[in-house]
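**Student:** I am attaching a structure below and will ask some questions about it afterwards.
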Amino acid sequence: MAGLRSDHFNFDVNSSIASNSGKRSASIASPKLSLIFGPWSQAEYFVNAGYGFHSNDARGTTETVTPKEGLPTDPVTPLVRSKGAELGVRTEIVPGLQSSLALWQLKLGSELVFSGDAGDTEASRASKRRGIEWNNHYIARTWLLLDADLALSRARFTQDDSAGNHVPGSIETVASFGATVTEYGPWSGQFQLRYFGPRPLIEDNSQRSKATTLAYLRVGYRVNKDVKMMLEVFNLFDRQASDIDYYYASRLKGEPAEGVNDLQFHPVEPRSVRLSLVANF
């Protein structure tokens, strides 16, 4: 299978700093190719490769002066090229189990990293990511589906810098387990447990986040063919963790003018419950 995708962007920035206002446009083409071999003995093999992109903050595409310091700066590239490929296998050799294993690689012409001073993202160095993904979906019963997924990855900047080559915020380990009840009489439901491993917060990897584990539960009951009740519990075990973490200098009252390097984070929401009533007319 072969494909070609084309994208065109128009940027129109109206800044409080007149010199940072302006218009830019950019286009990019992304060819893609997939080769699938099989099935042989209830297994098939695949190779995927292609080009993609990510867009940069529109404000950066016309920026000539830094908003905070007022220093000259160069506008960023509107659309940044990416190159990716994966090699893998899918199998159903075990009755009821669909399993896949894939090795992948992704190259980015420029990473987007968070800037604590500006409170937004900024274009950074080129990078390379490599990883492995293992996905499993098992039909245990006609009404019960189990899934388990594991992903491991390694992200590094490809342009050396004395600050270090780790990509801040790049997750190295993600795992999830889920159980879904489709139609067990009038009952249905879902349980999902997700694990996000520690990740580097700065380029030299001297500061790392903690791991985050969150659980979700949903229970549904069909009163009749037109009415259904549903109870959802978010952060089921009421874990105290972070949605996201950063490490940069900030200043509180009484602290030095240059600030103090410290962990900045956004906490996950505490356990919450939502009751819904769905009626079809």
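Here's the yes/no breakdown for (1) within 26 Å of Val80 (Cβ to Cβ); (2) part of a strand (DSSP E or B); (3) among the basic types (Lys, Arg):
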{"site": "Trp134", "(1), (2), (3)": "no, yes, no"}
{"site": "His137", "(1), (2), (3)": "no, yes, no"}
{"site": "Asp149", "(1), (2), (3)": "no, yes, no"}
{"site": "Ala155", "(1), (2), (3)": "yes, yes, no"}
{"site": "Ser170", "(1), (2), (3)": "yes, no, no"}
{"site": "Ala175", "(1), (2), (3)": "no, yes, no"}
{"site": "Glu183", "(1), (2), (3)": "no, yes, no"}
{"site": "Ser188", "(1), (2), (3)": "no, yes, no"}
{"site": "Leu193", "(1), (2), (3)": "no, yes, no"}
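**Student:** Let me ask something else about it. Six or more apart or on different chains, Cβ atoms under 6 Å: show the pairs whose first residue is in the stretch 7-35 and in contact (Cβ under 8 Å) with a residue 40 or more places away in the chain and part of a strand (DSSP E or B) and whose second is surrounded by fewer than 13 Cβ atoms within 10 Å (Cβ to Cβ) and of a type in the set (Phe, Trp, Tyr).
**Tutor:** Partner pairs satisfying both residue conditions: none exist.
**Student:** Return the pair list, or none, for Cβ contacts closer than 9 Å from residues in the stretch 220-236 that are outside any strand (DSSP E or B) to residues that are among the acidic types (Asp, Glu), at least 6 apart or on different chains.
**Tutor:** Asn235/Glu269
**Student:** Could you tell me whether the stretch 241-263 includes any residue that is charged (D, E, K, R) and surrounded by 16 or more Cβ atoms within 10 Å (Cβ to Cβ)?
**Tutor:** Yes: one or more hits.
**Student:** In the list Ile139, Ile93, which residue meets the criterion of being more than 30 Å from Asn224 (Cα to Cα) and out of contact with any Asp or Glu (no Cβ under 7 Å at 6 or more places or on another chain)?
**Tutor:** Ile93
**Student:** Here is a follow-up. Hey, can you tell me all the residues within the stretch 229-250 that are at pLDDT below 95 and touching a Gly at 6+ places or on another chain (Cβ under 7 Å)?
**Tutor:** Tyr246, Tyr248, Ala249, Ser250
**Student:** Please go through the stretch 66-82 and pick out each residue that is closer than 19 Å to Val113 by Cα and in a strand (DSSP E or B).
**Tutor:** Leu79, Val80, Arg81, Ser82
**Student:** Can you name the residue in the stretch 103-112 that is in a strand (DSSP E or B) and free of Cβ contacts under 8 Å to residues at least 40 places away in the same chain and is also surrounded by the fewest Cβ atoms within 10 Å (Cβ to Cβ) among such residues?
**Tutor:** Going through the qualifying residues, I end up with Leu103.
**Student:** While we're here: Quick check on Thr61: is it β-branched (Val, Ile, Thr) and without any contact (Cβ under 8 Å) to a residue 12 or more places away in the chain?
**Tutor:** no
The rows are residues; the columns are (1) closer than 29 Å to Phe265 by Cα; (2) at pLDDT 95 or above.
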position	(1), (2)
Tyr45	no, yes
Asp57	yes, no
Leu87	no, yes
Leu101	no, yes
Asp120	yes, no
Ile132	yes, yes
Ile139	no, yes
Leu145	no, yes
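**Student:** Now a separate question. Out of all the residues in the stretch 74-92, which are without any contact (Cβ under 8 Å) to a residue 60 or more places away in the chain and in contact with a helix residue (DSSP H, G or I) (Cβ under 9 Å, 6 or more places away or on another chain)?
**Tutor:** Matches in the stretch 74-92: Pro75, Val76, Thr77.
The values are calculated or read from the model by the stated rules, or taken from the named source; none is laboratory data. Note that the structure is predicted; figures quoted are calculated from it, not measured. Cβ: placed from backbone, ideal geometry, glycine included. Neighbour counts: every protein chain shown.
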